[in-house]
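Right, one structure below, let's go through it.
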Amino acid sequence: MRVVILGSGRGSNAEAILQAQKEGRLGHAEVVQIFSDKPEAPILELGTRFGVPAAYIDPAPFKTKLEREGEGRYIDAIRACEPDVVVLAGFMRVLKPGFLDAFAGKIINLHPSLLPSFPGLDGIGQAWRQGVKVTGCTVHYVTPEVDEGPIVDQSVVRVEADDTLESLEMKVHAAEHELLPLVLARLSETAS
Ligand code: GAR
(Lines give C-alpha, C1' and ligand atoms only; values in the text may rest on other atoms or scores of the structure.)
Protein backbone atom coordinates (compact mmCIF):
# COMPACT_ATOMS: atom_id res chain seq x y z
CA MET A 1 0.00 0.00 0.00
CA ARG A 2 1.67 3.18 -1.22
CA VAL A 3 1.43 6.11 1.20
CA VAL A 4 2.06 9.80 0.51
CA ILE A 5 2.31 12.10 3.55
CA LEU A 6 1.42 15.81 3.44
CA GLY A 7 2.45 18.07 6.33
CA SER A 8 3.10 21.70 7.14
CA GLY A 9 5.18 21.65 10.31
CA ARG A 10 7.05 19.66 12.89
CA GLY A 11 6.34 16.28 11.35
CA SER A 12 6.21 14.28 14.57
CA ASN A 13 3.39 12.15 13.18
CA ALA A 14 5.20 11.57 9.92
CA GLU A 15 8.19 10.55 12.03
CA ALA A 16 6.03 8.12 14.04
CA ILE A 17 4.84 6.54 10.77
CA LEU A 18 8.37 6.27 9.37
CA GLN A 19 9.70 4.87 12.65
CA ALA A 20 6.93 2.27 12.65
CA GLN A 21 7.82 1.35 9.08
CA LYS A 22 11.49 0.99 10.05
CA GLU A 23 10.52 -1.29 12.93
CA GLY A 24 8.22 -3.42 10.78
CA ARG A 25 5.02 -2.16 12.46
CA LEU A 26 3.37 -0.66 9.37
CA GLY A 27 2.02 -3.84 7.79
CA HIS A 28 2.13 -3.65 4.02
CA ALA A 29 2.16 0.15 4.04
CA GLU A 30 5.15 1.94 2.56
CA VAL A 31 5.75 5.69 2.67
CA VAL A 32 6.83 6.65 -0.85
CA GLN A 33 6.87 10.46 -0.59
CA ILE A 34 6.54 13.42 1.78
CA PHE A 35 5.31 16.79 0.52
CA SER A 36 5.08 20.08 2.38
CA ASP A 37 3.56 23.48 1.62
CA LYS A 38 6.24 25.16 3.78
CA PRO A 39 9.77 25.20 2.33
CA GLU A 40 11.41 25.29 5.79
CA ALA A 41 9.14 22.74 7.51
CA PRO A 42 11.03 20.27 9.74
CA ILE A 43 8.89 17.47 8.25
CA LEU A 44 11.01 17.71 5.08
CA GLU A 45 14.15 16.79 7.04
CA LEU A 46 12.66 13.36 7.72
CA GLY A 47 13.26 12.50 4.09
CA THR A 48 17.02 12.40 4.55
CA ARG A 49 16.78 10.66 7.93
CA PHE A 50 14.53 7.87 6.70
CA GLY A 51 15.56 7.67 3.05
CA VAL A 52 12.21 8.80 1.65
CA PRO A 53 11.84 11.49 -1.02
CA ALA A 54 10.63 14.76 0.50
CA ALA A 55 9.82 17.97 -1.33
CA TYR A 56 8.22 21.38 -1.02
CA ILE A 57 5.43 22.16 -3.47
CA ASP A 58 4.39 25.77 -3.93
CA PRO A 59 0.75 26.03 -2.75
CA ALA A 60 0.14 29.55 -4.13
CA PRO A 61 -1.94 31.62 -4.70
CA PHE A 62 -3.89 31.13 -1.43
CA LYS A 63 -2.69 31.18 2.19
CA THR A 64 -5.05 28.73 3.91
CA LYS A 65 -6.58 26.64 1.13
CA LEU A 66 -5.36 24.63 -1.83
CA GLU A 67 -7.00 25.75 -5.05
CA ARG A 68 -6.20 26.82 -8.63
CA GLU A 69 -2.50 26.57 -9.65
CA GLY A 70 -1.29 25.26 -6.28
CA GLU A 71 -3.93 22.55 -6.25
CA GLY A 72 -2.93 21.50 -9.76
CA ARG A 73 0.74 21.22 -8.78
CA TYR A 74 -0.18 19.01 -5.80
CA ILE A 75 -2.51 16.80 -7.82
CA ASP A 76 0.10 16.21 -10.54
CA ALA A 77 2.93 15.47 -8.09
CA ILE A 78 0.84 13.14 -5.91
CA ARG A 79 -0.65 11.31 -8.91
CA ALA A 80 2.88 10.59 -10.11
CA CYS A 81 3.45 8.73 -6.80
CA GLU A 82 0.49 6.41 -7.52
CA PRO A 83 -0.67 6.46 -3.89
CA ASP A 84 -3.22 4.15 -2.30
CA VAL A 85 -3.50 6.49 0.70
CA VAL A 86 -2.75 10.20 1.15
CA VAL A 87 -2.18 11.05 4.81
CA LEU A 88 -2.68 14.58 6.09
CA ALA A 89 -0.32 14.71 9.06
CA GLY A 90 -0.58 18.31 10.16
CA PHE A 91 -1.28 19.66 6.66
CA MET A 92 -2.85 22.98 7.60
CA ARG A 93 -4.76 23.78 4.43
CA VAL A 94 -8.36 23.32 3.41
CA LEU A 95 -8.68 20.93 0.48
CA LYS A 96 -11.21 21.64 -2.24
CA PRO A 97 -13.31 19.28 -4.40
CA GLY A 98 -10.74 19.26 -7.23
CA PHE A 99 -8.16 17.67 -4.95
CA LEU A 100 -10.65 15.47 -3.09
CA ASP A 101 -12.04 14.07 -6.36
CA ALA A 102 -8.54 13.34 -7.67
CA PHE A 103 -7.90 11.02 -4.69
CA ALA A 104 -11.46 10.05 -3.80
CA GLY A 105 -11.71 7.72 -0.81
CA LYS A 106 -7.94 7.73 -0.31
CA ILE A 107 -7.33 10.81 1.87
CA ILE A 108 -7.18 10.48 5.66
CA ASN A 109 -6.63 13.26 8.18
CA LEU A 110 -5.37 13.27 11.75
CA HIS A 111 -7.07 15.65 14.16
CA PRO A 112 -6.16 16.30 17.82
CA SER A 113 -9.62 15.92 19.39
CA LEU A 114 -12.45 13.43 19.57
CA LEU A 115 -14.40 14.63 16.54
CA PRO A 116 -17.07 15.86 16.08
CA SER A 117 -16.00 17.84 19.18
CA PHE A 118 -13.52 20.67 18.66
CA PRO A 119 -12.95 20.75 14.88
CA GLY A 120 -10.78 23.39 13.25
CA LEU A 121 -7.67 25.00 14.64
CA ASP A 122 -6.18 24.23 18.07
CA GLY A 123 -8.30 21.19 18.92
CA ILE A 124 -6.32 20.54 22.11
CA GLY A 125 -6.60 24.13 23.35
CA GLN A 126 -10.32 24.18 22.59
CA ALA A 127 -10.87 21.01 24.64
CA TRP A 128 -8.70 22.33 27.47
CA ARG A 129 -10.57 25.62 27.68
CA GLN A 130 -13.92 23.79 27.62
CA GLY A 131 -12.82 21.82 30.69
CA VAL A 132 -13.60 18.38 29.25
CA LYS A 133 -12.42 15.36 31.24
CA VAL A 134 -11.88 13.20 28.19
CA THR A 135 -10.39 14.15 24.84
CA GLY A 136 -8.11 12.42 22.34
CA CYS A 137 -7.44 12.20 18.63
CA THR A 138 -9.24 11.08 15.49
CA VAL A 139 -8.29 9.68 12.10
CA HIS A 140 -11.00 10.28 9.52
CA TYR A 141 -11.58 10.27 5.78
CA VAL A 142 -11.53 13.76 4.28
CA THR A 143 -14.67 15.27 2.77
CA PRO A 144 -15.34 18.87 1.65
CA GLU A 145 -16.69 19.74 5.12
CA VAL A 146 -13.64 20.43 7.31
CA ASP A 147 -13.06 17.71 9.98
CA GLU A 148 -16.38 15.99 9.23
CA GLY A 149 -15.61 12.89 7.17
CA PRO A 150 -16.27 9.28 8.25
CA ILE A 151 -14.23 8.32 11.29
CA VAL A 152 -11.68 5.53 10.84
CA ASP A 153 -10.56 5.33 14.48
CA GLN A 154 -10.09 7.35 17.65
CA SER A 155 -7.94 7.22 20.75
CA VAL A 156 -9.06 8.52 24.14
CA VAL A 157 -6.96 10.67 26.50
CA ARG A 158 -8.16 11.48 30.03
CA VAL A 159 -7.65 14.98 31.40
CA GLU A 160 -6.35 14.48 34.96
CA ALA A 161 -6.60 17.00 37.79
CA ASP A 162 -2.89 17.78 37.64
CA ASP A 163 -2.76 18.21 33.86
CA THR A 164 -1.76 21.52 32.30
CA LEU A 165 -2.37 22.53 28.70
CA GLU A 166 1.24 21.56 27.99
CA SER A 167 0.96 18.11 29.59
CA LEU A 168 -2.35 17.52 27.80
CA GLU A 169 -0.74 18.44 24.49
CA MET A 170 2.00 15.92 25.14
CA LYS A 171 -0.52 13.20 25.97
CA VAL A 172 -2.64 13.86 22.88
CA HIS A 173 0.43 13.91 20.65
CA ALA A 174 1.63 10.63 22.16
CA ALA A 175 -1.81 9.14 21.42
CA GLU A 176 -1.60 10.41 17.83
CA HIS A 177 1.82 8.84 17.38
CA GLU A 178 0.33 5.46 18.36
CA LEU A 179 -2.94 5.75 16.46
CA LEU A 180 -1.86 6.86 13.01
CA PRO A 181 0.68 4.06 12.35
CA LEU A 182 -1.83 1.52 13.71
CA VAL A 183 -4.53 2.79 11.35
CA LEU A 184 -2.17 2.61 8.38
CA ALA A 185 -1.06 -0.91 9.28
CA ARG A 186 -4.69 -1.97 9.55
CA LEU A 187 -5.69 -0.31 6.27
CA SER A 188 -2.75 -2.03 4.55
CA GLU A 189 -4.00 -5.42 5.72
CA THR A 190 -7.45 -4.87 4.27
CA ALA A 191 -6.01 -3.33 1.07
CA SER A 192 -3.74 -6.30 0.30
C1 GAR B 1 -1.13 17.14 14.98
O2 GAR B 1 -1.44 17.32 16.33
C3 GAR B 1 -2.39 17.02 14.15
O4 GAR B 1 -3.42 16.37 14.83
C5 GAR B 1 -2.73 18.47 13.91
O6 GAR B 1 -1.48 19.07 13.63
C7 GAR B 1 -0.48 18.42 14.41
C8 GAR B 1 0.69 18.11 13.51
O9 GAR B 1 1.79 17.75 14.27
N10 GAR B 1 -3.64 18.62 12.82
C11 GAR B 1 -4.69 19.45 12.86
O12 GAR B 1 -4.93 20.19 13.79
C13 GAR B 1 -5.59 19.40 11.63
N14 GAR B 1 -6.79 20.11 11.86
P15 GAR B 1 3.10 17.16 13.57
O16 GAR B 1 3.53 18.12 12.46
O17 GAR B 1 4.10 17.09 14.66
O18 GAR B 1 2.76 15.80 13.04
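The values are calculated or read from the model by the stated rules, or taken from the named source; none is laboratory data. Please read these numbers as outputs of a predicted model, since none were measured by experiment. In this analysis, Cβ positions are derived from the backbone assuming ideal geometry, glycine residues included, and neighbour counts consider all displayed protein chains. Please note that ligands, DNA and RNA were not included when accessible areas were found on the heavy atoms of the full protein model with its side chains. Shrake-Rupley method; radii C 1.70, N 1.55, O 1.52, S 1.80 Å.
Entry note, the stretch 2-54: relative contact order of 43 percent, from Cα contacts under 8 Å with a spacing of 6+ residues.
Against the chain, whose longest principal axis is taken from its Cα atoms, helix 68-80 shows a tilt of about 80°. Taking Cα atoms only, the orientation of helix 165-191 departs from the longest principal axis of the chain by about 50 degrees. The calculated 222 nm mean residue ellipticity attributable to helices in the chain amounts to -11500 deg cm²/dmol, summing -39500 (n - 2.57) over DSSP H runs of n ≥ 4 and dividing by all residues.
Here each label is just a point 7 Å from Cα along the line to Cβ, and for residue 76 and residue 133 those points are 5.5 nm apart. Averaging the Cα positions of each part gives two centres, and for the stretch 113-192 and the stretch 76-106 these lie 20 Å apart.
Looking at the chain, the accessible area is 49 square angstrom per residue; that uses a 1.4 Å probe and ignores ligands, DNA and RNA.
The gain in end-to-end length when the residue 62 to residue 143 segment is fully stretched comes to 27.2 nm, 0.36 nm per residue minus the alpha carbon separation. Summary of packing: across the peptides 11-18, 166-173, the per-residue average of other C-beta atoms within 10 Å ranks them, highest first, as 11-18, 166-173.
With both residues required to sit in the chain, DSSP beta bridges show an antiparallel share near 40%. Which pairs break 23 Å Cα to Cα here: 22/65; 63/171; 133/171; 63/96? 22/65; 63/171, as the Cα separations exceed 23 Å there. GNM on the chain, alpha-carbon springs under 10 angstrom: the most fluctuating residue among 161, 60, 174 is 161.
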